[in-house]
Amino acid sequence: MRKLIIIFLISIITSSCHHEWIIRPEIKGRVISKQNKQIVARVITLPVEGEEYEVAVNKNEGKFYFPRQTIKEWTFLGMEKPKGPPTTNKIIVSAQGYKADTLDYTNYNARNNIVDLGNIILNEEN
C-alpha cells in the first residue's frame, strides 16, 4: 500500500507543472505624421466589458508599448487554459490636431510574443 501511495504522489508531481499562459503579447509601435515627424500620442486599449482602458507606456521618438499580459499558475497536463481578465484586440491612437485611428493588432504578425505595429501614420484634422 505504501508503494502505491508513493507511486501515486510521484505521478501527480511529475504530471503537474508551472505554466505561463499569454493573454496578450507585448505590443509596440511608433506614431508619426505624414511628414515623418514623431507625434506624442495617447495610445490606449479599447475597453471591454466594463473594464478600464489601459494606457501604453510612451517612450521617446513617438514610440510606445503595451507590456505582455500573462497568467502563471500550477496546472496538471491536459487542463484547459484558465480564463483571464477580458482583453481587447483593438487599440486607439489619438493626438491633438490629428484624426484618431483604431487598429486591430491581430492583423499583424507576432514574433517571440511581440507584435510590432511599425509606424502608425496619423492624418491631420481638416
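The values are calculated or read from the model by the stated rules, or taken from the named source; none is laboratory data. Please read all numbers here as calculations on a predicted model, not as lab measurements. Because the Cβ atoms are built from the backbone with ideal geometry, glycine has one as well, and the counts that use them run over all protein chains shown. Note: accessible area is taken over every heavy atom of the protein model, side chains too, but ligands, DNA and RNA are not part of it. Shrake-Rupley method; radii C 1.70, N 1.55, O 1.52, S 1.80 Å.
Search the range 88-113 for residues being aliphatic (A, V, I, L, M) and under 18 Å from Gly62 (Cα atoms), and hand back the single one that is most open to solvent (accessible area, probe 1.4 Å). Walk me through it before giving the result.
Of all residues in the range 88-113, those aliphatic (A, V, I, L, M) come to 91-93, 95, 100, 103, 110.
Restricting the remaining residues to those that are under 18 Å from Gly62 (Cα atoms) gives 91-93, 95, 100, 103.
Values: Ile91: 1, Ile92: 40, Val93: 0, Ala95: 16, Ala100: 71, Leu103: 26 Å².
If we take residues in the range 88-113 being aliphatic (A, V, I, L, M) and under 18 Å from Gly62 (Cα atoms), then Ala100 is most open to solvent (accessible area, probe 1.4 Å).
If Gly97 satisfies all but one of (1) under 21 Å from the mean Cα position of the chain (by Cα); (2) at pLDDT 80 or above, what's the number of the condition it fails?
Of the numbered conditions (1) under 21 Å from the mean Cα position of the chain (by Cα); (2) at pLDDT 80 or above, the odd one out for Gly97 is (1).
I'm told His18 meets every condition in (1) surrounded by 10 or more Cβ atoms within 10 Å (Cβ to Cβ); (2) modelled with pLDDT under 85 except one. Can you identify the failing condition by its number?
(1)
Please verify whether the range 62-72 includes one or more residues that are modelled with pLDDT under 80, out of contact with any Asp or Glu (no Cβ under 8 Å at 6 or more places or on another chain) and farther than 20 Å from Asn119 by Cα.
no
Check Val48 against each of (1) at pLDDT 80 or above; (2) at negative phi and name the one condition it does not meet.
(1)
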